[in-house]
Amino acid sequence: MHHPFWAVVCALVAALLFAVAAVAQHRAAAAVPEEHSLVGTLLRSPRWWAGVGGDAGGYAMQVVALALGAVLLVQPILVSALVFALPLSARLTGRPVGARNWAAALALVAALACFLVVGNPSEGDSNAPLGDWIVPLAILLGAVGGAVALALGTADGGLRALLFGAAGGALFGLAAALTSYVTDLFEHGLGHVVGSWQTWALVAAGLIGVYFQQRAFQAGSLTASLPAVTIAEPLAAAFLGLTVLDEQLRTNGFGVVITAFAVVVMCVTAIQLSRAQAAA
């Protein structure tokens, strides 16, 4: 049974928890020198583990939201984590958020609202066969690999944070697209869960996505990495929702133009936030 209103509420709570987690993890990862082991140092950081707790709570709320609504409905709402994170980060660092960054963040949220209202995403079918996944999955993983290769090849900290964040966000989007199907498997017993390729793809996407997210936090500022994560995740999830899960945007004609423009605004404002902070 689907309840779009409660799906939106749960997604907003998830976004808040993800924002708190991102701020805590960024503070922990940014303090790790490049020559030190990132994973080993973070595992000894209480602040990083507090962020992990926030991520766990956020993911739990995201799972509930996905059980109540479509991927195309839930995932874009997580972009609001950016708005929650900006004042949290400013309070911890003592550096105020500039008017231009606030304007970009608010424009991003307005574009999100436009996408949800005008696009009016529909429910799909989470039980897609493997054959439907092959081409879209290859495209998505190819984009992730390209972003990681570019990140490893640049010395620009802001750009590296952006690229690692985009790679991690795309993998989180893949995990979100798989979540509804995997949670449904629990009704049939643990054997079905363990024996499904979607389960292991979900685990791999989540773990590798977390690693890339931490690399992004280590490489640059939060407003360089978090916009990339929060935008790439819903874009990747929406791509898979449309191409694999048979979800649709219930609009046509001029509505399609407005929806497409909203997506462009979301991307442009995220990039603007990243460049502004990287140049600071």
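The values are calculated or read from the model by the stated rules, or taken from the named source; none is laboratory data. Source: prediction; values computed, not measured. Here the Cβ positions follow ideal geometry from the backbone for every residue, glycine too, while neighbour counts run over all protein chains shown. Heads up: the accessible areas ignore ligands, DNA and RNA and are worked out on the full protein's heavy atoms, side chains in. Shrake-Rupley method; radii C 1.70, N 1.55, O 1.52, S 1.80 Å.
Sorting the segments 8-14, 65-71, 185-191 by their residues' average number of neighbouring beta-carbon atoms within 10 angstrom, most packed first, yields 65-71, 8-14, 185-191. Residue separation of residue 139 and residue 193 scaled by 0.36 nm, minus their Cα-Cα distance, works out to 16.9 nm of gained length. Per the Cauchy relation, a quarter of the hull surface: what is the mean projected area of the convex hull of the alpha carbons in the stretch 131-247, in nm²? With every direction weighted equally, the projected area is 7.2 nm². As a fraction of the 1.4 Å probe accessible area of the chain, surface on carbon and sulfur atoms comes out at 70 percent.
Taking a span of 24 Å or more along the helix axis (Cα atoms) and a mean Kyte-Doolittle hydropathy of at least 1.6 as the rule, the DSSP H helices of the chain that qualify are 4-30, 99-119, 130-152, 254-279. In the distance distribution for the chain, Cα-Cα pairs more than 32 Å apart total 19 percent. Here the calculated FRET efficiency for residue 5 and residue 36, from their Cβ-Cβ distance with R0 = 41 Å, stands at 0.30, rounded to the nearest 0.05. Taking 237, 113, 161 in turn, the Gaussian network model of the chain (Cα-Cα springs below 10 Å) assigns the largest fluctuation to 113. Mind grabbing the base-10 log of I(q)/I(0) for the stretch 186-263 at q = 0.23, 0.25, 0.27 Å⁻¹? Debye formula, identical points on the C-alpha positions, no solvent, two decimal places. Computed log10 I(q)/I(0) values: -1.08, -1.15, -1.22.
When ligands, DNA and RNA are left out and all protein chains stay put, how many square angstrom of accessible area per residue does the chain have with a 1.4 Å probe?
On the way: 12640 Å² over 280 residues.
Value for the chain: 45 Å² per residue.
Each principal axis of the Cα cloud of the stretch 86-151 was evaluated for its coordinate range; sorted largest first, these ranges are 50, 36, 18 Å. Computed over the stretch 115-174, the percent of Cα pairs more than 19 Å apart is 50.
Scaled against the 2.2 N^0.38 Å expected of a compact globular protein of N residues, the Cα radius of gyration of the stretch 1-123 reads 1.20. Distance between the 7 Å Cα→Cβ label points at residue 250 and residue 47: 4.6 nm.
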